[in-house]
Structure formats: C-alpha cells, structure tokens
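Just so it is clear, none of the values below were taken in a lab; they were calculated from the coordinates. Note that the structure is predicted; figures quoted are calculated from it, not measured. Cβ: placed from backbone, ideal geometry, glycine included. Neighbour counts: every protein chain shown.
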Amino acid sequence: MRIDIITALPKLLDSPFGDSILQRAIKRGLVEVVVHDLRKFGLGKHRQIDDYQFGGGAGMVMMIEPIAQCIESLQAERNYDEIIYMTPDGKRFDQKTANALSLKQNLILLCGHYKGIDQRVRDAYITMELSIGDFVLSGGELAAAVVSDAIIRLLPGVLNDESSALSDSFQDDLLAPPVYTRPANYKGMKVPDILLSGNFPKIEEWRHAQAEQRTLERRPDLLRED
Ligand code: ADE
C-alpha cells in the first residue's frame, strides 16, 4: 500500500510516522508513506497557497491551483483508489472504513487548513471526505495521521501478533474485554480466577461476556441492529 499525504505543514507529520509501529511498517516495506509539501506547488515567488474568500468573510481559503497540480502530478504516476479530504464536515471515520481502506493500493489524504479549501477541489478531485470526530482541529494533519495509523496497523505483517488486530474493540461491533498481566495479585487487587484457570474455551466465553457487558454499559449504540 502507498499513502500520499498532501499538506501545507509537512513537519507536523514527522513524528507520527517516525516512531514505533508505523515506522517499523514503513521500514519493512509493508507501506510507503510519502508526505508532499503543498508549498512546492504554491503560486509566485511567495509560493502562495491560500487567498481571501470571494464574497468576503474571515479566514483564508486554500486555492485550487496548488492542490490540483499536486494531485495531478501524483495521478500521472499511478492510479488512486481514493482521494480523501480530511474535514470536520466529512463522514465520520470508523473501524469499518479503516478495514475497507486497508484493502486499497493507493490513497491520497489531503489536509485542509484555515477556512477550508476551494469547493472546486472537493467537486473535481475528492472521492471521499472523512472526519475523525465532531470537533475542529487546526488542520487535517493530525486527522490524516489518525486515519493512516488505523489503516496501517491492519496491513498483514504490521502487528507482530497477527490475531491482535482482529480482537480489537469495534472489529465485531463490541468493545474489547479487560486485559491483565503480572502480578496476579497487586496489593489485594486480584486478576479474575478464570484467566488463571488454563481453561481456554471458558476463558473465551468469559471474554465475550465481558465484551458484551462493557459495550452495553459504555456504547449501547454499537449493539443496535442497523
Ligand atoms: N480537520 C479539522 N478538523 C477535523 C476533523 N475533526 N476531522 C478531520 N479533519 C479535520
């Protein structure tokens, strides 16, 4: 898989991809993440990428030309499955979308700033718009990092324990059950006996029941049929 991220603030993405699981996935060649500095496509000697909005109003709007040129230069190299704009008015990102996107070959994530991007970019180039929640970030970079992380960890070989992504919260519309590690007794706080029993079918049953109970208490909306 390849993910191209278009941003006016490329440095914001250094650390999410420079550490831990994502960095290991990149080093192992399981995913290629390429960050593109939109300024390189900016207009004139000031490399302008934003301007006042027509009709008046506060806040600058990102211009169509630099974004269009950047996207078109990428499209000249390969076909993209989705060109995704990160925006608070997009569709709410969830595990199902992460699963679906993890099966794609090439993705572009476009990060917005200021008041947003010229609507014509959205009309002409964008195939999917994603929000990571009902709050407004100062830019799409952190949202793009969140979406990339959720996708990349699903790619085969990225997690050491192959089964662990499948038992995540949300994978079967249930939250994950509680987990414990040593010591079995910390100052009188004991690990549930069942987990020490070695009876694996019973342990699975217990975990499933715990997952259902936790989901019912915390996220009953997930249990509703849709
Ligand atoms: N850009 C700004 N806020 C955002 C959000 N909540 N989700 C995705 N992109 C954003």
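Assorted remarks:
- With K and R counted +1 and D and E -1, the other residues having a Cβ less than 13 Å from that of W206 yield a net charge of -1.
- Net charge of neighbours whose Cβ lies under 13 Å from the Cβ of I132, counting Lys and Arg as +1 and Asp and Glu as -1: -4
- Residues in the stretch 192-209 reached by a label modelled at A184 [backbone nitrogen below 20 Å; 7 Å Cα→Cβ]: 192-207
- When only the Cβ of Lys, Arg, Asp and Glu is charged (+1, +1, -1, -1), the dipole of the chain relative to its Cα centre reaches about 680 debye.
- When each full DSSP H helix of the chain is screened for a Cα extent of at least 15 Å along its own axis and an average Kyte-Doolittle hydropathy of at least 0.0, the helices passing are 64-75, 141-152.
- Of the GluC sites (Glu not before Pro) found in the stretch 136-226, those that fall in a DSSP loop while having at most 14 other beta-carbon atoms within 10 Å are E162, E225.
- Put a dot 7 Å past the Cα of S197, heading toward its Cβ, do the same for L223, and the two dots end up 2.2 nm apart.
- When each of the peptides 105-117, 37-49 is scored by how many other beta carbons lie within 10 Å of its residues on average, the order from highest to lowest is 105-117, 37-49.
- Table column - 3J(HN,Hα) (Hz), the stretch 39-53, Karplus curve with 6.51, -1.76, 1.60, x for Gly and Pro: 4, 4, 9, x, 8, x, 6, 8, 6, 5, 10, 9, 7, 5, 8
- Between amide H atoms placed 1.01 Å from N, distances below 5 Å from L175 occur with F170, T215, all of them 5 or more places distant or on a separate chain.
- A Stokes-Einstein calculation at 37 °C with viscosity 0.692 mPa s, built on the Kirkwood radius of the stretch 169-224 over Cα pairs, returns a diffusion coefficient of 265 µm²/s.
- Computed Rg/Rh of the chain, alpha carbon atoms with Kirkwood Rh: 1.07
- Each part reduced to its alpha carbon centroid, the stretch 1-71 and the stretch 138-163 end up 18 Å apart.
- Three-way shape label, the stretch 64-122, alpha-carbon gyration tensor, a/c 1.5: oblate
- Computed from the C-beta positions of K40 and E77 and an R0 of 22 Å, the FRET efficiency is 0.90 to the nearest 0.05.
- Placed amide H near D50: partners under 5 Å, 5+ positions off or other chain: M63
- In sequence order, calculated HN-Hα J values of the stretch 117-123 (Karplus, 6.51, -1.76, 1.60; Hz; x Gly/Pro): 10, 3, 3, 5, 5, 5, 5
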